[in-house]
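Report on the structure given below.
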Amino acid sequence: MIGLLKGIKEAQERIRAVAYNYPEILVELQPTLRQKRNAVKKYNITLPDGESSADLPVLSLKGPLVNKAVTNFGRKLFLALYYKHTGEILPKKAGIALLWFSNLQIENNELPNEIASLVSNFPKLERCNTNLSDQFFYRYVFSECGNLAVFVAFFRQSFAILGYINKNALNFKLPDGSTILGPFEHKK
């Protein structure tokens, strides 16, 4: 119970900090009633008796500010993971294609099915002998030639980011809906 209360307090502090520093992000996260109705229909969500789709506790992740933040975070994450597993800095001519998925999308199998069988490496993450997989875990694979890599990272039960890395971005065939960035390029 104490851990839950501490988690709630930490979440409230973070929301207050975002509200103070970036109030436009909180506005962007608020879904429209249409978005809520569409989510109920698309994901076949059963609402409790007496509640309507307006009561659905969901966030909108479609806005440009949220997508920019997740894309830049994902780029940095995959650069770090690439370096961790190769010992090399990704060259400037490389490209990173990103897709990200909400917990609702993951629960409804919108993460491409072929990824699970492809990303076979599953490192154990620990800090001070404590397993961190309930907070963060990832899987990955490198091609035999070493020019391609795929990472998929999961953050608690909140979202996942899928990253395709190609050491030569000119040879990149992009997955639908992905964003491609160079290693040192911020999304504008």
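The values are calculated or read from the model by the stated rules, or taken from the named source; none is laboratory data. Note that the coordinates shown come from a computational prediction; the quantities given were computed from them, not determined experimentally. For neighbour counting, all protein chains shown are included, and Cβ atoms are generated from backbone atoms with ideal geometry for every residue, glycine included.
So is PHE137 surrounded by 15 or more Cβ atoms within 10 Å (Cβ to Cβ), of a type in the set (Phe, Trp, Tyr) and assigned by TED's automatic domain parsing to the domain that holds GLU88 or not? The answer is yes for PHE137. Among residues that are in contact with a strand residue (DSSP E or B) (Cβ under 6 Å, 6 or more places away or on another chain) and either assigned by TED's automatic domain parsing to the domain that holds GLN135 or under 30 Å from ASN121 (Cα atoms) (or both), LEU99 is included.
Matching residues to (1) on the phi > 0 side of the Ramachandran plot; (2) under 22 Å from the mean Cα position of the chain (by Cα); (3) modelled with pLDDT of 90 or more:
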site: GLN12; (1), (2), (3): no, yes, no
site: VAL18; (1), (2), (3): no, yes, no
site: PRO23; (1), (2), (3): no, yes, yes
site: GLU28; (1), (2), (3): no, yes, yes
site: ARG34; (1), (2), (3): no, no, yes
site: LYS42; (1), (2), (3): no, yes, yes
site: GLY74; (1), (2), (3): no, yes, yes
site: PHE101; (1), (2), (3): no, yes, yes
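For region 83-135, filtering for residues that are among the basic types (Lys, Arg) and not in a loop (DSSP other than H, G, I, E, B) leaves 2.
Each row is one residue, and each column tells you yes or no for (1) touching a residue at least 12 places away in the same chain (Cβ under 8 Å); (2) closer than 30 Å to ARG139 by Cβ; (3) in contact with an Asp or Glu (Cβ under 6 Å, 6 or more places away or on another chain); (4) not hydroxyl-bearing (Ser, Thr, Tyr).
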residue	(1), (2), (3), (4)
PRO23	no, no, no, yes
GLN35	yes, no, no, yes
LEU47	no, no, no, yes
GLY63	yes, yes, yes, yes
ILE106	yes, yes, no, yes
ASN109	no, yes, no, yes
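Condition (residue is within 30 Å of ASN147 (Cα to Cα), of a type in the set (Ser, Thr, Tyr) and surrounded by 13 or more Cβ atoms within 10 Å (Cβ to Cβ)) applied to region 65-82: is it met by at least one residue? Scanning region 65-82 turns up at least one residue that is within 30 Å of ASN147 (Cα to Cα), of a type in the set (Ser, Thr, Tyr) and surrounded by 13 or more Cβ atoms within 10 Å (Cβ to Cβ). Might you let me know whether region 60-76 holds any residue that is among the small types (Gly, Ala, Ser) and in a helix (DSSP H, G or I)? The answer is yes, given that some residue of region 60-76 is among the small types (Gly, Ala, Ser) and in a helix (DSSP H, G or I). Residues of region 142-157 that are touching a residue at least 60 places away in the same chain (Cβ under 8 Å) and part of a strand (DSSP E or B): ALA149, PHE151, ALA153.
Taking each residue of region 117-131 that is modelled with pLDDT under 80 and looking for partners that are surrounded by fewer than 11 Cβ atoms within 10 Å (Cβ to Cβ) and assigned to a loop (DSSP other than H, G, I, E, B) with beta-carbon atoms closer than 8 Å, six or more apart or interchain, yields ASN131/LYS124. Kindly indicate whether GLU88 is among the acidic types (Asp, Glu) and within 22 Å of the chain's Cα centre (by Cα). Here the answer is no, as GLU88 does not meet what is asked.
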